[in-house]
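The values are calculated or read from the model by the stated rules, or taken from the named source; none is laboratory data. Because the structure is predicted, anything quoted here is derived from the model rather than measured. Neighbour counts are summed over all protein chains in view; Cβ atoms, including those assigned to glycine, are modelled from backbone coordinates with ideal geometry.
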Amino acid sequence: MTAVDLNWNSVQNELKGFVYKRVKDKALTEDIVHDVFLKVQSKIHQVKESDKLFGWIYQITRNTITDHYRKNAKNINPKDIDWESSPPNFNDCVSNAISELIPTLPEIYRVPLEMTELQNMSQIDVAEKLKLNYTTAKARVQRARQMLREKLNEILIIKTDGYGNVIICKDRGLCC
């Protein structure tokens, strides 16, 4: 396939959506797609199999996005870091709220949750100790977690990063 055979306008809109999902900036999206266009135009003669053209274009696009982030990565000077003041530990905020909310759960859900989360018992052991079948014990623990999640959402605004660490913990006026 040659550059003439490639309808860039149809590909361009797809690429803009693809890039925007990753960079969340319209101007940057335009720049990256333009860079991809230039790279595609300069190297399209290297594509031997036309059925692999779009995969090749998307690979160029992924590499261009990666290159952008590498180029703009900030080097942090250790002297510029304020080592004395520590950032707030939002995980503690959520932990404290959970500790306050667990006792408010109905006993039927609270006890299995405490056994699994605070006493580190397996759900199978919880079922045996409470003389329940495993499915019932598991359902009660899951329901208790759901109830806690709902109560937390009522009192806190919580945002987490990709690793599950709390990065925002704002009080809705009822806690913390």
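Could you check the stretch 152-168 and list, in sequence order, the residues that are closer than 14 Å to residue 93 by Cα and among the charged types (D, E, K, R)?
Once the filter is applied, which keeps residues that are closer than 14 Å to residue 93 by Cα and among the charged types (D, E, K, R), the stretch 152-168 yields only 159.
Kindly establish whether residue 93 is touching a helix residue (DSSP H, G or I) at 6+ places or on another chain (Cβ under 6 Å), surrounded by 12 or more Cβ atoms within 10 Å (Cβ to Cβ), at pLDDT below 80 and not in a strand (DSSP E or B).
no
Which condition breaks for residue 99 when tested against (1) modelled with pLDDT of 90 or more; (2) assigned to a helix (DSSP H, G or I); (3) exposed (fewer than 12 other Cβ atoms within 10 Å of the Cβ)?
Result: residue 99 fails condition (1) only.
Restricting the stretch 18-42 to residues that are surrounded by 12 or more Cβ atoms within 10 Å (Cβ to Cβ) and basic (Lys, Arg), which is nearest to the chain's Cα centre (by Cα)?
Here the answer is 22.
Of all residues in the stretch 124-176, count the ones that are assigned to a helix (DSSP H, G or I) and either of a type in the set (Gly, Ala, Ser) or under 25 Å from the mean Cα position of the chain (by Cα) (or both). Walk me through it before giving the result.
First pass over the stretch 124-176, keeping only residues assigned to a helix (DSSP H, G or I): 124-129, 134-155.
Narrowing the set further to residues that are either of a type in the set (Gly, Ala, Ser) or under 25 Å from the mean Cα position of the chain (by Cα) (or both) leaves 127, 137, 139, 141-155.
Total meeting the criteria: 18.
May I ask you to list pairs of residues, at least six apart or on different chains, whose Cβ atoms are under 7 Å apart, with the first in the stretch 127-140 being under 14 Å from residue 110 (Cα atoms) and in contact (Cβ under 8 Å) with a residue 60 or more places away in the chain and the second being of a type outside the set (A, V, I, L, M, F, W, C) and surrounded by 13 or more Cβ atoms within 10 Å (Cβ to Cβ)?
Matching pairs, first to second residue: none at all.
Consider the stretch 116-127. How many of its residues are farther than 23 Å from residue 101 by Cβ and either touching a Leu at 6+ places or on another chain (Cβ under 6 Å) or loosely packed, with under 14 Cβ neighbours inside 10 Å (or both)?
Selection size over the stretch 116-127: 2.
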